[in-house]
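Encoded as structure tokens, the structure appears first; notes follow it.
The values are calculated or read from the model by the stated rules, or taken from the named source; none is laboratory data. This is a predicted model, so every value here is computed, not measured. Here the Cβ positions follow ideal geometry from the backbone for every residue, glycine too, while neighbour counts run over all protein chains shown. Accessible surface is based on the protein model in full, side chains and every heavy atom, while ligands, DNA and RNA are left aside. Shrake-Rupley method; radii C 1.70, N 1.55, O 1.52, S 1.80 Å.
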Amino acid sequence: MGKKSYFHLFENPYRCYNKVVIALSNVAKKRIARSLLIRPVLAFLLVAFLFFCSLSVFCAESVTREELNAFLKETLAFQPAVISEAKENPLTRYEAVETILRAMGYDYLASFLTEEDLRGFGKLEFPAESREAKVSVLATLLSPPLLKGDAEGKLRLFDFLTRKEFEYLKERLKNYQREGVRFEYTREIEPGLTLKVYKEGLPGETFGEGIFLQVGAFSEEEKAKRVSQWLKELNYSTSVQFEDGLFKVRVGPVDKEELSLTASRLKKQGFNSFPVYLKAGKPGPLFSLALLFDPQKSKRSIFLALAQDQLLERETLSSLARRKGALFGINAGFFTPDGIPIGLLMIDGKILREPQEGWFVCGFTPQNEMVIGEVVFKAEVITSKGYSFPVSGINRKNRGEELVFYTPEFGPQTPEQKGVECIVRSKRIFRIGTTQGKTSIEPGTIVLQGQGRGASWMLENLKPGEEINLKITLAPRSGDPEIWKKVNFMISGGPLLFREGRKGPFGDFRQEIVEKEHPRTVIGKTSRGEILFLVVDGRNPRHSQGLTINQLVNFLEKYQVTDALNLDGGGSVTFYFQGKVLNFPSDPTGERKISTALLLR
């Protein structure tokens, strides 16, 4: 790269030398101009003179990595992971753009671009399959673009960055901070499958609701920054925000009790101020991935899978998806610390968990039809003599005075708990008695467990060798009951984000889940009949802060959803596609082991 660039730099001086020699030849006598002694000496002196002139101009015009890093540290708090030994060397246009994209937290987006995306950008200086080519094109795809070509559309990536170009990049980055920046990318993977990538905003401080003391408003940013620096040296927390065409310097946020005291202290130090009440700060960065699945065009099928095919197990999404031969997957339902899924769970038509009160359910038919709503659960054990008792739970501990049952998916044995347990095989009672739990659950059997009234009923009405019937019904509170009858996969979640085109949220969920910014996973349906799988990263201020539930509802409008359900979020949020995890799970250790996943194969 370097050799090519220096040759380009001295191309004009060589041309200048040729012109000078030709001019001298015309003026001087032919025998002198053609002298074998004078011409080489003249050439050497001229080249040396032009070299030092060009070098001095080049040094004055070039921009070093140290200068760029200093600017990025000031504006984005960017600290390069590796301090380059060549920090005083001049930067090429590519090196500058790549460093800025890293500082913005956008450089990894280049991995989503394909060779096909690079077509139409003219002749790139890098091979089309290289990361350098993708990074260069990425810079042109930002809105507004970070990098532009010259009059001929060439990016000139090997050229050294000039002072004028550096000022343009600095102003562009400041504009991103004031007005925003985003990257939107859509790629059709195959008929019926479309990948969407979305990123907006920059890393940096965000200022939430509170009271600030404004000490000045300036038309020039440099003046505002100087005032802000003076205040920082006096131990104030300050910010410079661009509003209404002015750069406003503010101190805060300040507690109400300290407002007058802080204003008085500022006045004594020579700064007049007045309070400003801010309702919301500037949002931080946001990153989202979505897959749109059109059942009418795609030959693939949606299914729900259980970690290690056991309720008490957990497994990373990538492991689960590979084990099931899936092309794509997202994390699905909520689960307890020991891995038990929370809320209704149906896999291949078999109900493995009962509904959670107040939660919503998403279901899929074998034809990839999707339904979202609330369901009513009813289960009971009926003896051959017609006696019955309600069943309150499936594959969970007995809460007392009730009857529950366990299937082989729960694990090898029932949990340790006092009560009466009854082993049922092919609808016939095999054994019944008082136990401390830990009864083996063999394939093809279920184990009934009763406590209190449930235990008394079992001892009185269930006898070895007799037949019993376990009857379970699920009925939707709304929607087409005929479609619900065909559903063979169900998962619970909440809040409900959209219902039949109406914006939510619907449902009563914990304030911490609803009002705080978190990573999110969503399953939804669009007005075009597509099924939307979406994740939003969070808890990473340099990458993506996450969304509140209300922010998530507003964000989903861009996908024209009619129905949408919030699934398990936080560290569980994972987006797997074509053998890779494409998002950045928020747990420090990376992928979290989850309980259930929605998959496509």
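Could you check segment 405-453 and list, in sequence order, the residues that are within 16 Å of THR383 (Cα to Cα) and hydrophobic (A, V, I, L, M, F, W, C)?
PHE405, CYS422, ILE423, VAL424, ILE429, PHE430, ILE432, ILE446, VAL447, LEU448
For segment 414-433, indicate whether the set of residues that are over 30 Å from GLU482 (Cβ atoms), open to solvent by 20 Å² or more (accessible area, probe 1.4 Å), assigned to a strand (DSSP E or B) and of a type in the set (Val, Ile, Thr) is non-empty.
Yes, the conditions are met somewhere in segment 414-433.
Taking the conditions exactly as written (open to solvent by 60 Å² or more (accessible area, probe 1.4 Å), farther than 28 Å from LEU312 by Cβ and either free of Cβ contacts under 8 Å to residues at least 24 places away in the same chain or not in a strand (DSSP E or B) (or both)), does GLN367 satisfy them or not?
yes
Scan segment 506-521 and give yes if some residue there is at pLDDT 95 or above, of a type in the set (Ser, Thr, Tyr), within 25 Å of GLY363 (Cβ to Cβ) and touching a helix residue (DSSP H, G or I) at 6+ places or on another chain (Cβ under 9 Å), otherwise no.
Checking segment 506-521: at least one residue is at pLDDT 95 or above, of a type in the set (Ser, Thr, Tyr), within 25 Å of GLY363 (Cβ to Cβ) and touching a helix residue (DSSP H, G or I) at 6+ places or on another chain (Cβ under 9 Å).
Looking at (1) free of Cβ contacts under 8 Å to residues at least 60 places away in the same chain; (2) open to solvent by 20 Å² or more (accessible area, probe 1.4 Å), which is the only condition GLU409 fails?
The failed condition is (1).
Over 30 Å from TYR108 (Cβ atoms), of a type in the set (S, T, N, Q), out of contact with any Lys or Arg (no Cβ under 8 Å at 6 or more places or on another chain) and at pLDDT 90 or above: does that describe GLN269?
yes
Tell me which residues, restricted to segment 313-333, are of a type outside the set (Gly, Ala, Ser) and either surrounded by fewer than 24 Cβ atoms within 10 Å (Cβ to Cβ) or in contact with a Pro (Cβ under 7 Å, 6 or more places away or on another chain) (or both). Steps first, answer last, please.
Looking only at segment 313-333, we keep the residues that are of a type outside the set (Gly, Ala, Ser), and these are 313-317, 320, 322-324, 327-328, 330-331.
Answer for segment 313-333, where residues must be of a type outside the set (Gly, Ala, Ser) and either surrounded by fewer than 24 Cβ atoms within 10 Å (Cβ to Cβ) or in contact with a Pro (Cβ under 7 Å, 6 or more places away or on another chain) (or both): GLU313, ARG314, GLU315, THR316, ARG322, ARG323, LYS324, LEU327, PHE328.
Determine which member of the set LEU532, LEU556, LEU552 is over 19 Å from SER111 (Cβ atoms), touching a Leu at 6+ places or on another chain (Cβ under 8 Å), in contact (Cβ under 8 Å) with a residue 12 or more places away in the chain and not in a helix (DSSP H, G or I).
LEU532
Being closer than 19 Å to LYS397 by Cβ and open to solvent by 90 Å² or more (accessible area, probe 1.4 Å) is the filter; apply it to segment 434-452 and report the residue that is farthest from the chain's Cα centre (by Cα).
Only one residue fits best here, namely THR434.
Could you grab me the full set of residues in segment 578-596 that are surrounded by 15 or more Cβ atoms within 10 Å (Cβ to Cβ) and part of a strand (DSSP E or B)?
Answer for segment 578-596, where residues must be surrounded by 15 or more Cβ atoms within 10 Å (Cβ to Cβ) and part of a strand (DSSP E or B): VAL581, ILE594, THR596.
For segment 377-389, which residues satisfy the criterion of being open to solvent by less than 80 Å² (accessible area, probe 1.4 Å) and not acidic (Asp, Glu)?
Residues satisfying the conditions are PHE377, ALA379, VAL381, ILE382, THR383, GLY386, SER388, PHE389.
Just wondering, is there one or more residues in segment 517-527 that are under 15 Å from LEU289 (Cα atoms), touching a strand residue (DSSP E or B) at 6+ places or on another chain (Cβ under 6 Å) and basic (Lys, Arg)?
yes
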